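Nothing in this text is a laboratory measurement; each read-out follows from the coordinates by a stated rule. This is a predicted model, so every value here is computed, not measured. Note: ideal-geometry Cβ built from the backbone for every residue, glycine included; neighbour counts use all protein chains shown.
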Amino acid sequence: MTQLPEYPQARGCPFQPASGYADYAPVAKVRLYNGREVWAVTGHAEARQVLLDPVTYSSDRVHPHYPALAPRFESARKVRNFIGMDPPEHTVQRRMLLSSFTVKKTNALRPRIQSLVDGLVDEIEAKGPVADLVPDFALPVPSIVICELLGVPYADHGFFEHQSRRVVTGSTTLEESADAFAQLKGYLDELIRRKQREPGDGLLDTLIAEQVETGGLTRAELVDIALLLLVAGHETTASAIALGVVTLLEHPDQLAALRSDPRLLPTAVEELLRFMAIADGIARFATADADLAGHRVRAGDGVVVVIATANRDGEAFPSPAAFAVDRGARHHVSFGHGVHQCIGQNLARAEMEIALGTLFRRLPGLRLARDLADLPIKEAGGVQGVWELPVTW
Amino acid sequence: MRISADQGRCLGAGQCVLSAPDHFDQSELGLVDVLDPEVPEGDEQRFRDILDLCPSQALSLEA
Ligand code: HEM
Ligand code: HEM
Ligand code: SF4
């Protein structure tokens, strides 16, 4: 029997999906790092079918059948929060947070995000002629925003940026990720204890008052939810901002179109989300036998939904390989689909719009200070993006 | 045609509010509120597409 293709595969170019999946659309068997064979779902309709059916395709990360996509994922099994739960347990936790993530609430944060972004661009201009946009821009924006939203002191950002990076990086070993999780949990547990004594006005304080003090959540559960929001809230969005800059610079005609009509900003961000697929793929496992695009999936089989290829499915997106800032298509699966669809998506959109819109307006001569081919790109199978982004203007 | 929404299924992703703020809002709890259930004549396909974006299949159209 021939060797099965592997998942994940490294991207050659940071904003293009790995090329190796083309031949096995929309569903095929692949092999994970540990030799386990799982189903890769690369088609758009099939990806949605899986993500819309949490009864058949479970997210339960502590279950032994849940596939670990890389060694570090094994340690995530110890973290219990709603991204790794199925309904109805999932729904109870998610609903505790919903009121903080509505379109209205996230839009109300826009002036604050704008002033934060303006301040960072001031610093970049003052520092010139070269800046690394990852530490100087892309990372602090979501990091400060999520700290303020949660009520986590930004003074501690160096610590959790470092630790959460160790959690989401493709090459992180099992030991490293276990240690990073333990450190983050210890930090958040201490923070929540302090807040129980001296309440503040962040989302964590609200959850302490509304849930922990009334028995809706234990402190340990709140620690795991806080961990999810902190990790999910900044590494993904930081990657999306930095890679968004690269993608726009590498498509000068599209950047020019956006510059000539700034009203295109929301559709440009939506197209960046589709095109870049920052979250390359997400895992599930089958709880029952099922039919998937003519294949017989068996109970216990692992499944990986390959967001990067589902977003380039020609059946769902005409000329899928073209990056077009006026495409106006929102049915990509970059935030997932179904009950787990990203709770922070409107916050991420606001941050991307303000960060990218302001940067290209304030620095009209913005360009890479190093060849695209020489930018260090993130490892396969985690949050995708670049580690460094030296630019000049 | 009229839009009907099932708050019991809604998971507050806000796709509907982004697509048609004149027709949808989110309650204090973050769940869908239909502001205007009437689908304007000729807009049926646009609303089918909007409903298709809802990740929790909480929205439907009735004759
Ligand atoms: C561009 C940036 C982002 C991307 C690409 C992204 C992507 C995703 C994806 C693909 C999922 C679904 C996971 C699954 O189905 O297993 C997800 C879920 C989630 N995201 Fe995001 N996300 C982003 C930004 C954010 C932000 C800013 C926050 C928090 C403020 C956040 C918080 C969450 C949470 C809590 C979940 C779990 C939802 C659930 O299980 O019900 N994300 N995100
Ligand atoms: C505290 C919260 C989180 C923890 C503890 C966590 C942990 C992990 C771990 C251990 C993995 C390895 C694979 C797995 O178990 O699925 C992983 C992978 C991943 N996570 Fe998270 N994660 C969190 C939040 C998020 C959120 C909210 C997103 C949404 C964007 C996200 C996106 C991803 C992606 C894209 C992968 C890579 C899957 C792949 O290898 O293809 N993570 N995460
Ligand atoms: S799109 Fe669906 S899940 Fe999202 S707020 Fe509207 S009804 Fe709720």
_Which of the numbered conditions does A:ILE354 fail, given that it passes all the others? Conditions: (1) away from chain B (no Cβ under 14 Å); (2) surrounded by fewer than 20 Cβ atoms within 10 Å (Cβ to Cβ); (3) touching a helix residue (DSSP H, G or I) at 6+ places or on another chain (Cβ under 8 Å); (4) under 30 Å from B:ARG46 (Cβ atoms)._
(2)
*On the given criteria, is A:LEU368 more than 16 Å from ligand 1 (Cβ to nearest atom) and touching a Phe, Trp or Tyr at 6+ places or on another chain (Cβ under 6 Å)?*
no
_Checking B:GLN57 against (1) more than 9 Å from ligand 3 (Cβ to nearest atom); (2) more than 18 Å from A:LEU97 (Cβ to Cβ): exactly one of these is not met. Which one?_
(1)
_Report every pair of residues separated by at least 6 positions or lying on different chains whose Cβ atoms are under 6 Å apart, first residue within the stretch A:228-243 and within 16 Å of A:GLN163 (Cα to Cα), second within 16 Å of ligand 3 (Cβ to nearest atom)._
A:GLY233/A:GLY344
*strands (runs of 3 or more DSSP E) wholly inside chain B that include at least 1 residues being farther than 19 Å from A:GLN341 by Cβ*: B:2-5, B:32-34, B:59-62
*Please work out which residue is nearest to ligand 3 (Cβ to nearest atom), limiting yourself to the stretch A:357-393 and to residues that are aromatic (Phe, Trp, Tyr) and under 12 Å from A:VAL245 (Cβ atoms).*
A:PHE360
_With within 16 Å of ligand 3 (Cβ to nearest atom), out of contact with any Gly (no Cβ under 6 Å at 6 or more places or on another chain) and assigned to a helix (DSSP H, G or I) as the only criterion, which of A:GLU221, A:GLU270, A:GLU235 stands out?_
A:GLU270
*How many residues, within the stretch A:29-41, are touching a residue at least 40 places away in the same chain (Cβ under 8 Å) and either within 13 Å of ligand 2 (Cβ to nearest atom) or more than 30 Å from A:PHE317 (Cβ to Cβ) (or both)?*
6
*Just wondering, is there one or more residues in the stretch A:20-37 that are assigned to a helix (DSSP H, G or I) and out of contact with any Ser or Thr (no Cβ under 9 Å at 6 or more places or on another chain)?*
yes
*Does A:PHE275 satisfy the criteria of being out of contact with any Leu (no Cβ under 6 Å at 6 or more places or on another chain), more than 10 Å from ligand 1 (Cβ to nearest atom) and outside any helix (DSSP H, G or I)?*
no
*Confirm whether A:TYR57 is under 18 Å from A:GLY382 (Cβ atoms), out of contact with any Asp or Glu (no Cβ under 7 Å at 6 or more places or on another chain) and hydroxyl-bearing (Ser, Thr, Tyr).*
no
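Results for (1) loosely packed, with under 14 Cβ neighbours inside 10 Å; (2) within 9 Å of another protein chain (Cβ to nearest Cβ), shown as yes or no for each residue.
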{"site": "B:GLN7", "(1), (2)": "yes, no"}
{"site": "B:GLN15", "(1), (2)": "no, yes"}
{"site": "B:PRO21", "(1), (2)": "yes, yes"}
{"site": "B:SER27", "(1), (2)": "no, yes"}
{"site": "B:GLU38", "(1), (2)": "yes, no"}
{"site": "B:GLU41", "(1), (2)": "yes, no"}
{"site": "B:PHE47", "(1), (2)": "no, no"}
{"site": "B:LEU59", "(1), (2)": "no, no"}
{"site": "B:ALA63", "(1), (2)": "yes, no"}
_the stretch A:161-211 - residue that is among the charged types (D, E, K, R) and not in a helix (DSSP H, G or I) and, of those, surrounded by the most Cβ atoms within 10 Å (Cβ to Cβ)_ = A:ASP201
_For the stretch A:64-87, give me the residue count where each residue is more than 16 Å from ligand 3 (Cβ to nearest atom), surrounded by fewer than 20 Cβ atoms within 10 Å (Cβ to Cβ) and either within 14 Å of chain B (Cβ to nearest Cβ) or among the acidic types (Asp, Glu) (or both)._
2
*asked:* Can you say whether B:LEU53 is facing chain A (nearest Cβ under 10 Å), without any contact (Cβ under 8 Å) to a residue 40 or more places away in the chain, under 15 Å from A:GLN345 (Cβ atoms) and in contact with a His (Cβ under 9 Å, 6 or more places away or on another chain), as far as the supplied structure shows?
replied: yes
_Pull out all pairs, ordered by first then second residue, where Cβ-Cβ is under 7 Å, the residues are six or more apart or on different chains, the first lies in the stretch B:1-26 and is closer than 17 Å to A:LEU52 by Cβ and away from ligand 2 (no atom under 16 Å from the Cβ), and the second is not acidic (Asp, Glu) and not in a loop (DSSP other than H, G, I, E, B)._
B:CYS10/B:VAL32; B:GLN15/B:LEU53; B:CYS16/B:PHE24; B:CYS16/B:VAL32; B:CYS16/B:ILE50; B:CYS16/B:LEU59
*Give the stretch A:105-121 a look and list any residue that's in contact with a helix residue (DSSP H, G or I) (Cβ under 9 Å, 6 or more places away or on another chain) and either more than 16 Å from ligand 1 (Cβ to nearest atom) or in contact (Cβ under 8 Å) with a residue 12 or more places away in the chain (or both), or say none.*
A:THR106, A:ASN107, A:LEU109, A:ARG110, A:ARG112, A:ILE113, A:GLN114, A:LEU116, A:VAL117, A:ASP118, A:LEU120, A:VAL121
*Hits in the stretch A:1-28 - residues which are among the β-branched types (Val, Ile, Thr) and touching a residue at least 60 places away in the same chain (Cβ under 8 Å)*: A:VAL27
*Unmet criterion (only one of (1) over 30 Å from A:PRO71 (Cβ atoms); (2) more than 14 Å from chain B (Cβ to nearest Cβ); (3) part of a loop (DSSP other than H, G, I, E, B)) for A:ALA329*: (2)
*Which residue, of A:ALA321, A:ALA286, is surrounded by fewer than 23 Cβ atoms within 10 Å (Cβ to Cβ), more than 16 Å from ligand 3 (Cβ to nearest atom) and free of Cβ contacts under 8 Å to residues at least 60 places away in the same chain?*
A:ALA321
